[in-house]
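See below for the structure under consideration.
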Amino acid sequence: MNVVQLQNSIKEYAASIGIDKIGFTTAAPFLELKNRLRRQQELGYQSGFEESDIEKRTEPALLLDRAESILAIAIAYPSKMQNSPKGKKGERRGIFCRASWGIDYHHVLREKLQLLEQYISERVPDAKMRSMVDTGELSDRAVAQRAGIGWSAKNCAVITPEFGSYVYLGEMITNIPFEPDVPMEDQCGDCTLCLDACPTGALIQGGQLNAQRCIAFLTQTKKPIPEEFRAKIGNRIYGCDTCQTVCPKNKGMYNLHQSAFQPEPELAKPLLVPMLNLSNREFKETYGHVSGSWRGKNPIQRNAIIALAHFKDEASVPALSELIVKDPRPLIRGTAAWALGEIGSSEGLSAIENALMTEQDPDVRMEMEKVLETI
């Protein structure tokens, strides 16, 4: 079997195991990306979650000996939830972003890439391969764009003609010299809807993101969220889809065909108050299989508190009042105090006054004092 035949058979096999798109590119350095990443670093726009070594992010040859090609894969995820539960007064709900619906995509894509590796090894026993999904050194989007999966859009996502930007990406570096696919032309045109709609102005310009202002990033941090962003988070428990939902290229892209990513409505749009007191074990048992659980329960519970403040949910005041006294975590006590201030009930303000008498943490005290001063 020559390389062209192998490449064609890989495409057929990929489709048979549920990979929605596959593309091929060279293992040449990503020079344009390297310049962009350096600029991001200089401006302090990085999230801190990505690989810090820019050389490793842009030089595939550093990651695999005699690297020749990179396979890029894309698997679509749904943008629409069937039987979506509705929140109501006294029973408010948060929402996980679409990329956290169903089974954690890292597991699904890694499994597909392992099957591809096995398929190739059976046909080319001396093939060398290295696969990665999201947390690897390479930029999934840069690889996908160069491999013809889609174009790199102004919202910093890769948009495919078939599935919009609702796709998970992964890649495999190999020493097999596959024929590279042709990159797609940018089809965003003059549209700036994603830039205009970004709640925090995190999209600086087309294709440039200040991750420090991005709600998707902020909901994953483990520190208190700066006050300027709290009201903009709304009822988002994890992630943000605004720059995707406003995109005209995503209109009508429902992508309901991948069973692994079908949302469980009660988990994708959970009731907020019951989330506040989940133990580590309960959180893991309930949410451990979704990608939004990767940072643990603390950020999720902090975000649930912010969501209750967004709704000005008076029914949650007893639960929040208990948190500011009994919860051992300053992050949770401080956020709960702020939320009680936003809700503004006399019961909540009395709870803050009482809690302040015994509160020792200076940051929590500051949150409480700020509420009482404002009132």
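Just so you know, all these numbers are worked out from the coordinates, no wet-lab data involved. None of these values were measured; they are calculated from a predicted model. Methodologically, a virtual Cβ is constructed for each residue, glycine included, from the backbone with ideal geometry; neighbour enumeration extends over all protein chains shown.
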- Contour minus end-to-end for Asp361 and Ile375, with contour as 0.36 nm per residue of separation and end-to-end as the Cα-Cα distance? 2.9 nm
- Item | Cα-projected label distance for Glu32 with Glu51, points at 7 Å along beta-carbon direction, nm | 2.0
- If the label point is 7 Å along Cα→Cβ of Gln205, which residues in region 27-53 have backbone nitrogen under 16 Å from it? 33, 35-45
- Message: Working only with C-alpha atoms, what are the Rg and Dmax values of region 112-174, expressed in angstrom?
- Response: 13.2, 41
- Message: Once each part is reduced to its C-alpha centroid, what is the distance from region 351-375 to region 193-244 in angstrom?
- Response: 28
- Hey, if you put +1 on the Cβ of every Lys and Arg and -1 on every Asp and Glu Cβ in region 140-245, which of Phe163, Pro224, Ser152 ends up farthest toward the positive end of that dipole? Pro224
- Task: Would you mind computing, in nm to one decimal, how far apart the modelled labels at Glu264 and Glu314 are, each placed 7 Å from Cα along Cα→Cβ?
- Result: 3.5
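Most exposed first by the Cβ proxy, i.e. fewest other Cβ within 10 Å, how do Ile300, Ile54 rank?
Fewest-to-most ranking of Ile300, Ile54: Ile54, Ile300.
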- Among all cysteines in the chain, which have no other cysteine Cβ under 4.7 Å from their own Cβ? Cys97, Cys156, Cys188, Cys191, Cys198, Cys214, Cys240, Cys247
- Treating only Lys and Arg (+1) and Asp and Glu (-1) as charged, each at its beta carbon, one finds that region 312-375 has a dipole about its Cα centre, in Debye to the nearest 20, of 120
- Could you rank the peptides 158-167, 172-181, 252-261 by their average count of other C-beta atoms within 10 Å per residue, with the highest value first? 158-167, 172-181, 252-261
- Exposure proxy check: Arg38, Arg302, Arg230, Arg365 ranked by fewest other beta carbons within 10 Å? Arg38, Arg365, Arg230, Arg302
- Counting pairs of Cα atoms in region 1-83, how many percent are more than 17 Å apart? 65
- In debye to the nearest 20, how big a dipole does the chain give about its Cα centre with +1 on each Lys and Arg Cβ and -1 on each Asp and Glu Cβ? 480
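Label region 53-103 by shape, choosing from rounded, prolate and oblate, from the square roots a ≥ b ≥ c of the eigenvalues of the Cα gyration tensor; if a/c is under 1.5 it is rounded, and otherwise prolate applies when a/b is larger than b/c, oblate when it is not.
It comes out prolate by the Cα gyration axes.
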- Which of Arg123, Arg236, Arg213 comes first, and how do the rest follow, when ranked by fewest Cβ neighbours within 10 Å? Arg123, Arg213, Arg236
- Query: Suppose every K and R has +1 on its Cβ and every D and E has -1 on its Cβ; what is the size of the dipole of region 221-375 about the Cα centre, in Debye to the nearest 20?
  - Reply: 780
- Convex hull over the alpha-carbon atoms of region 312-375: what's its volume per residue in Å³? 65
- Along the charge dipole of the chain, Cβ charges K/R +1 and D/E -1, which of Val143, Tyr254, Ile73 sits furthest on the positive end? Tyr254
- Message: Which residue, Cys214, Cys194, Leu308, has the largest displacement toward the positive end of the dipole of the chain when charges sit on each Cβ (Lys, Arg +1; Asp, Glu -1)?
- Response: Leu308
